[in-house]
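Asker: First the structure, then my questions, so here it is.
The values are calculated or read from the model by the stated rules, or taken from the named source; none is laboratory data. Worth saying up front: this structure is predicted, and the values here are computed from it rather than measured. FYI the Cβ positions are ideal-geometry reconstructions off the backbone, even for glycines, and counts take in every protein chain you see. Just the protein is used for accessible areas: all its heavy atoms, side chains included, with ligands, DNA and RNA removed. Shrake-Rupley method; radii C 1.70, N 1.55, O 1.52, S 1.80 Å.
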Amino acid sequence: MAGWRCALAVVTMAAAGVGCSSGALDPRGPVARDQLGLFTIAFWIAVGVIVVVLGLLVAALVQRHRDAPSPFRGERFVVVGGLVVPTLILLGLMGVTFAFLAAQRTEGQLRVEVDGYRYWWEVRYPDHDAVTANEIHIPVGVDVEFTLRGPDVIHSFWVPQLGGKADLVPGRETTLVLHASEAGEYRGRCAEYCGLQHANMRVLVIAQEPADFERWVEEQAASAVVSDGAAEAAFERNACAACHTIRGTSANGVLGPDLTHFASRRTIGAVTLPNEPSNVAAWIANPQVFKPGAEMPPIVTFTEEEHQRLVDYLTALR
Ligand code: CUA
C-alpha cells in the first residue's frame, strides 16, 4: 500500500518540491487521514473507470479488425454507459464527500490565530498571550483550531501531513482544525500564489507532548530574556524597531515578525535559512539576497560594530 502511495507522491508532488515523507499521502493525524481516505476512494474509482474505458476501446479496435458487429453499440449501451453509470459514480462520490464534510471537526481545544503576510506567517496564541512567527508549536493529541486571516493578499495555509489547505482571504476569517497524533516536525507552505516570494513562504509545525508545549508557550509569552542597551539603541537607530517588536524594550513595530524570542526559532525568513549567527548576519545586512521582493529592505545604516552587536543580541533572544 505504502509503495503505490509513495510512487504517486513522487510523481504528483515532485513539481511542488514536497517529498514523499512530508506529503499528504503520509498523514500524521486524523484530519489528514480522513482526507487521504476520501482521496483513496476517488483515486481507485478513477482507476476503475480508466481500466474499463481503455478495455472497451481495445475491444472495439479488435472487433473492428475482425469486421464483426460489436456487442458494445446501440442506444442502450450509450445511455447506460455514458449517462447512467457516470451519474451513479458521481452521485456516490458526492455522497461520500458530504459524509466526510459532515464529520469534519469545526472546533478545537486550543486556539491559534495565523495571519499571512507577504511573505511570512504571524502566529498568535490568544489563550496564552503569546506571539511568534513562521513556527507553530502545537500539543500532540489535541484538536487545534486555526483562525486564518490574510491582511494583504490571498494566501493558502497547507501542512500536508496534518490536513488539507485553507485560504487566508482579506476581510474574512477562515477556520481550520488540525490534529497531530504524533510528535514531530511537519513542514507546510503557502499553497496559493501570492507574489514574488510565494515559494519561500513556508511554515514549520512542531507537535510536542502537552507538557513541552505548555513550557514553550509560557516562554513565548514572556518578555525579552536579555537586555543589552547598546544593541537596543542600534535596533532603534537603524529603524529595525519601526517594523519589529521586542517585548520588554521600546521596539514595538508591527509590520514584521515579533522578535522577542527570535533565537528560539529554528529558521529565519519563513523557513528559508537555518537560524544560525552567520545567516542572521547576512540576512539583516540584505534580506533581498535570500528573498527578493520581501518587504524587509537591506539595512545600510549600521556600522560594522552595530551589525555584530545586533547579531549577538538577536541570537541571544531565546
Ligand atoms: Cu503566501 Cu503564496
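Asker: To the nearest 0.05, what FRET efficiency results for Arg33 and Ile89 with a Förster distance of 22 Å applied to their C-beta separation?
Answerer: 0.40
Asker: Put a dot 7 Å past each Cα toward the Cβ at Leu101 and Ala183; how far apart are the dots in nm?
Answerer: 3.8 nm
Asker: If you add up the charges near Arg265, with Lys and Arg at +1 and Asp and Glu at -1, over every other residue whose beta carbon is less than 14 angstrom from its beta carbon, what do you get?
Answerer: Details: positive: Arg202, Arg266, Arg318; negative: Glu122, Glu135, Glu185, Glu219, Asp258, Glu276.
After counting each charged neighbour, the total is -3.
Asker: Per residue, what accessible area does segment 267-318 have, given a 1.4 Å probe and all protein chains present, in Å²?
Answerer: Numbers: 2600 Å² over 52 residues.
I get 50 Å² per residue for segment 267-318.
Asker: If you don't mind, another one. So, counting K/R as plus one and D/E as minus one, what does the shell of residues with Cβ under 12 Å around Gln197 add up to?
Answerer: That sum, taken over residues with Cβ under 12 Å, equals +3.
Asker: Additional query: Between Ala211 and Val49, what is the label-point separation in nm under the 7 Å Cα-to-beta-carbon projection?
Answerer: Result for the modelled spin labels: 5.2 nm.
Asker: Report the calculated FRET efficiency for Tyr193 and Ala42 (r = Cβ-Cβ distance, R0 = 35 Å), to the nearest 0.05.
Answerer: It comes out at approximately 0.90.
Asker: What length, rounded to one decimal in nm, is gained on full extension from Val58 through to Arg237, with 0.36 nm per residue of separation minus their alpha-carbon distance? Please report the intermediate quantities before stating the final value.
Answerer: Details: separation 179, 0.36 × 179 = 64.44 nm, distance 7.57 nm.
Taking Val58 through Arg237 to full extension adds about 56.9 nm, to one decimal.
Asker: Among the helices of the chain (complete DSSP H runs), which have Cα atoms covering no less than 27 Å along the helix axis and a Kyte-Doolittle mean of at least -1.0?
Answerer: The answer, listed by residue number, is 30-66.
Asker: If you don't mind, there's one more thing I want to ask. Can you give the calculated 222 nm mean residue ellipticity of the chain, where each DSSP H run of n ≥ 4 adds -39,500 (n - 2.57) and the sum is split over every residue, rounded to the nearest 500 deg cm²/dmol?
Answerer: -11500 deg cm²/dmol
Asker: Also: Using a 10 Å cut-off on Cβ atoms, rank the peptides 226-239, 183-196 from the highest mean neighbour count down.
Answerer: Details: 226-239: 16.4, 183-196: 18.0.
Result, highest mean Cβ count within 10 Å first: 183-196, 226-239.
Asker: Probe radius 1.4 Å, ligands and nucleic acids ignored: give me the carbon and sulfur share of the accessible area of the chain as a rounded percent.
Answerer: 60 percent
Asker: Next question, about the same structure. Report the antiparallel proportion of the DSSP beta bridges in the chain as a percent, rounded to a multiple of 5.
Answerer: Around 70 percent of the beta bridges assigned by DSSP in the chain are antiparallel ones.
Asker: Enter the Cα centre distance for the pair segment 247-318 and segment 169-185, rounded to the nearest angstrom.
Answerer: One Cα centre to the other: 27 Å.
Asker: Between Val226 and Thr301, how high is the FRET efficiency from 1/(1 + (r/R0)^6) when r is the Cβ-Cβ distance and R₀ = 30 Å? Nearest 0.05.
Answerer: FRET efficiency, Val226 to Thr301: 0.85.
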